Every structure is written in C-alpha cells, then in structure tokens.
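To start, the structure under review is shown below, and the notes come after it.
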Amino acid sequence: MMRVYFWGTRGSLPASITAGAVEEKIVKAIRASRTHSLETDEAIEAFVHNELPFPVRASYGGNTACVELCGAEEYVLCDAGTGLRDFGGAYMKAKAAGQPGLPNVFHLLMSHPHWDHLQGFPFFTPAYLPGHRIHIYGGHADLERIFIRQQSEPCFPVGFHAMKADIRFHTLEPESEYDIAGMKVACIRQNHPGDSYGYRFEKDGRTVVYSTDSEHKDGGREEYERFLSFFSNADLLIFDAQYRFLDAVDTKENWGHSSNLLGVEMAAAAGVRRLCLFHNEHTFDDDALDRFLEDTRAYLKILDGSSSLKIDLAYDGLDIEL
Ligand SMILES: [Zn+2]
Ligand SMILES: [Zn+2]
C-alpha cells in the first residue's frame, strides 16, 4: 500500500485565506442548514461533511509545494515549500507525544530550487536538531550552494550551518533509477526556467509520479512520448496544472507551467488511473479552484465519456490511499 499526503499545494507563493472569505463560508453554511434539522452534534457533522460543497466547508489551502510519500521505511518528501514546516510540526508533535517507531531519517527530493519549493526548509524544525539525518536529492548539481545561500545574509537570520542535523546532498541523473528508502525512484528532466525534475516512485506494485513545474510545449512527438512513458500506468499522477488552457497558450507561455486540459490528455493517453492537479494558481480563491476542477472533469467527459480516470485538485491535507 502507498499513501500520498499533501502538505502544500500552491504554486509560486503562499496564499492565505482572509477573514472576509471565512465569514462568507460561514454565512453560506448557515444558509444551507435552514432546511435541515440539526439537533445533535452527529447531525451537524454529517451535514457539514456530506451536504456542504468543499469550498464552503473547507479550503484548498495556501502552503507551497510539499508532498509526502508514506509507506517507505523512512520519510520521503517531494519539495521543501512552506508545507514542509507543517510536516515538521506534525513530526515534532508525534515525537513529543512519545510515539514509538518514528524514523529519524528524511529523504527530500527537490524538483528545482525556485523559492516556492525551497522556502519551507529554514522552518523545518528537525533540521536544527542533532540525531536527525536529511538526504536532499535533485537533478541540479548545485543544490547545496543554493540551500546555503537561501539562509545567508541579508535574507535570513539563521545560517544553514546552524542546523545540527546531518544533512547530505545527492545529485540524481535523469533517466537513471535509484533505490530511496526502499522505493524505486526514477527521474526525468522537465522544461521549466532553469530546469526542473519529475520523479516516479514505485513500491509494492503501486506507482506515483510527481511532476510539477513542467511546461509541456510543442516539443514534437518524441518529447511527448518521453513523458507519456514516464507517466505510463501510474496509479497517481501529480501534475502541474497551474493554468487554464487559454492562459497556458496565450499570456503565460514560457512561464514554465502547464494547463489542466493538457494534464487530462496526457494522463488519459498514458493510462494513468488517478490525476491530481497540483501547483494551484495563487490568485484563485476556493470557488475559482473548485470551478477549475469541475471544468477539468467536464473536459474529460468531452474527451472520453467512458474514461475511468479520476481527477482531483490537490489541497493542503489531501490524503490519497492507493
Ligand atoms: Zn513552483
Ligand atoms: Zn518553478
């Protein structure tokens, strides 16, 4: 079994929810409750969970990229966006509660060092504590220098070398295969300003592909096939779908991201079972993100009405069991 937990899902920069937006959700929820008899706590909980649409009862969240692949011998995470701070917080809480059998080794695979994928690391508490080991992997050969620079004056008060964990860097080669914490991991170079890397994880007959910050331009049939084979038959494809189709081909071409519609087409062509749209547009509120998901699902119906592809839009706290 494999589980994927999303600690951070926003693209480009964190996006917090406002007080006004929370109040609006409460008003909508109370309005919707008028026709229900909510006498007990159980009835209230069932109403909230089953009757209220996701953007009313919850939020897609505002942390930047950090995804955990659970089920390995040690912790395996993709990217160190602000979601990494929450992962570290949950780990520290479990440790303080004396939870037995907690690993103290973390494997962190970096897609690339843009800020939204890096900025959570200075707030990752286990990195400051001796007795922890952190392996940082990526296709960029100069990751160590970049991590050190992020915590240098004048941008950050605590230097990288103040971190007391044993931190080691590893450069991965695209088109090669690795064993990381008992998972089979492959790496692919993606089209993005400064390059980015996608990862394919296989364990116990389950496959998860993490492919964010990747612009699929018209690079010809060979380039398209290269990605289809990397995505092929994945149980879960986490796909950079920051843009609506028109944005991707018009104003935001060459900004390094892809669209929801391309995600659907590629997932369907590669025989993927579940597609998770990721790197959510930071200017979209919960209603806009929800419409974006509905539009994407509608597009799949047009493309192939009998397709069994399941489509989700990632949110902070999404927990997918495969
Ligand atoms: Zn990004
Ligand atoms: Zn980027």
Subset of the range 108-160 [under 23 Å from V185 (Cα atoms) and among the polar types (S, T, N, Q)]
S111
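Does G89 qualify as being touching a residue at least 12 places away in the same chain (Cβ under 8 Å) and farther than 21 Å from C187 by Cα?
Values: touching a residue at least 12 places away in the same chain (Cβ under 8 Å): yes; farther than 21 Å from C187 by Cα: yes.
For G89, the condition - touching a residue at least 12 places away in the same chain (Cβ under 8 Å) and farther than 21 Å from C187 by Cα - is met.
Residues checked against (1) surrounded by fewer than 15 Cβ atoms within 10 Å (Cβ to Cβ); (2) in contact with a helix residue (DSSP H, G or I) (Cβ under 7 Å, 6 or more places away or on another chain):
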residue: M1; (1), (2): yes, no
residue: W7; (1), (2): no, yes
residue: P14; (1), (2): no, no
residue: E42; (1), (2): yes, no
residue: F47; (1), (2): no, yes
residue: A58; (1), (2): no, no
residue: G61; (1), (2): no, no
Only one of these conditions is not met by E144: (1) touching an Asp or Glu at 6+ places or on another chain (Cβ under 6 Å); (2) more than 22 Å from A314 (Cβ to Cβ); (3) not in a loop (DSSP other than H, G, I, E, B). Which number is it?
(1)
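Values in this text are rule-based calculations from the coordinates and carry no lab data. Every value quoted in this text rests on a predicted model; they were computed, and no experiment measured them. Cβ coordinates were reconstructed from backbone atoms using ideal geometry, including for glycine residues, and neighbour counts include every protein chain displayed.
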